[in-house]
Amino acid sequence: MSGFASAVARFMDYLRDQRRVSPQTLRAYRKDLAQFGEYLAEERRDGEAPGPEGIDTLAVRGFVARLSRSGLGKSSIARKLSAVRSFLRHAVREGRLESSPAESIRAPRVPKALPRTMTVDEIFNLLDHIQGDGPAALRDRAILELLYGGGLRVSELVALDQDDLDLSALLVRVLGKGNKERLVPFGRKAGEALSRWLDRSRPLRAKGDEPQAVFLNLRGGRLSDRSVRRILDRRLRDAAIHARLSPHALRHSFATHLLGAGADLRSIQELLGHSSLSTTQRYTHVSTDALMKIYDKAHPRAQPKTKPGAE
């Protein structure tokens with residue numbers, strides 16, 4: 001195994017075992033670094049990508065330039081450069097580099113697009129169209145109720161075990177990014193949907209290899225995040241909601257609807273499990289009118305003065 005390949009393998013182990021990133025994130029890193037390795041190999045006379053010690057700023061800059069000439073979008077270039085930066089920072093932590101040669105290279109400016117959210121009416125329409133008492137209907141309703149009712153990431157949802165749920169207190173213990181644990185409340189509707197699903201899924205658990213998992217496929221195995229995406233696509237079609245939405249849209253909607261109802265950003269940050277408040281702000285987009293109503297209701301200087309003798 002070459003120096004580059006072995007360094008990538010150690011980095012992948014670090015991401016999986018210490019950072020606990022999702023399998024999708026791991027695949028994305030591996031793919032981006034493989035492309036970087038191919039570029040490095042092409043630029044070398046011996047046709048072999050060097051280890052981190054043989055990578056300099058010119059090599060990283062040349063990789064970014066090639067991506068740009070290929071017509072790749074700015075967001076994709078920024079993602080690939082981020083993967084290279086993370087890889088080289090890990091080499092610094094390992095003591096193989098004194099400093100990262102990628103730190104001085106700027107990523108292309110990517111306009112920040114507001115995440116797509118659903119309106120309250122769309123959420124109600126989506127959930128109300130899930131009818132029936134079969135295992136698929138009960139499971140799908142519980143999934144969507146919890147995604148919206150708790151603002152969970154898909155990876156957090158599919159990793160849940162039954163021990164993580166407290167249906168009497170309406171709380172779920174979630175292991176989020178960076179292996180950070182948090183307690184998230186959810187509503188009565190989500191609690192009822194979960195209770196019905198868990199009761200109905202007992203026969204499935206008897207034939208599966210992970211009976212402790214909260215959400216199962218119809219063969220008894222733990223549900224994957226890709227399956228959750230397919231479930232949402234199907235339920236959106238059933239509700240005649242013609243929009244390309246990922247399960248993350250329910251998380252965005254959770255945050256936006258809470259903020260619109262007067263919740264403060266710090267509380268929403270805790271519920272979402274964000275380490276940075278700026279990340280939470282990107283998840284929440286509320287109309288100016290809604291913000292002004294919150295301000296007028298809450299701020300002391302926004303209250304109308306009481307006229308003498310009016311009381």
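Descriptive notes on the structure:
- For segment 258-270, filtering for residues that are open to solvent by 30 Å² or more (accessible area, probe 1.4 Å) and farther than 20 Å from LEU183 by Cβ leaves 3.
- Of all residue pairs spaced 6 or more apart or on separate chains, those with beta-carbon atoms under 7 Å, a first member in segment 85-99 that is in contact (Cβ under 8 Å) with a residue 12 or more places away in the chain and surrounded by fewer than 16 Cβ atoms within 10 Å (Cβ to Cβ) and a second member that is part of a helix (DSSP H, G or I) and charged (D, E, K, R) are ARG96/GLU53.
- Residue among LEU277, LEU291 that alone is of a type in the set (A, V, I, L, M, F, W, C), modelled with pLDDT under 70 and surrounded by fewer than 15 Cβ atoms within 10 Å (Cβ to Cβ): LEU291
- Any hit, segment 150-166, residues being closer than 29 Å to ASP17 by Cβ, small (Gly, Ala, Ser) and without any contact (Cβ under 8 Å) to a residue 24 or more places away in the chain: yes
- Screening LEU218 with (1) aliphatic (A, V, I, L, M); (2) on the phi < 0 side of the Ramachandran plot; (3) modelled with pLDDT of 90 or more gives one miss only, at (3).
- On inspection, ARG282 does not qualify as modelled with pLDDT of 80 or more and open to solvent by 30 Å² or more (accessible area, probe 1.4 Å).
- The residues of segment 201-223 that are in a loop (DSSP other than H, G, I, E, B) and either surrounded by 15 or more Cβ atoms within 10 Å (Cβ to Cβ) or without any contact (Cβ under 8 Å) to a residue 12 or more places away in the chain (or both), listed by number, are SER201, GLY208, PRO211, VAL214, PHE215, ASN217, GLY220, GLY221, LEU223.
- Taking segment 41-66 as the range and being outside any helix (DSSP H, G or I), surrounded by 11 or more Cβ atoms within 10 Å (Cβ to Cβ) and of a type outside the set (Lys, Arg) as the test, the residues that pass are GLU43, GLU48, ALA49, PRO50, GLY51, ILE55, ASP56.
The values are calculated or read from the model by the stated rules, or taken from the named source; none is laboratory data. Being a predicted model, the structure only gives us computed values, none of them experimental. Heads up, the Cβs are rebuilt from the backbone with ideal geometry, glycines too, and the neighbour counts pull from every protein chain shown. To get the accessible areas, we keep the full protein, side chains included, count just its heavy atoms, and leave off ligands, DNA and RNA. Shrake-Rupley method; radii C 1.70, N 1.55, O 1.52, S 1.80 Å.
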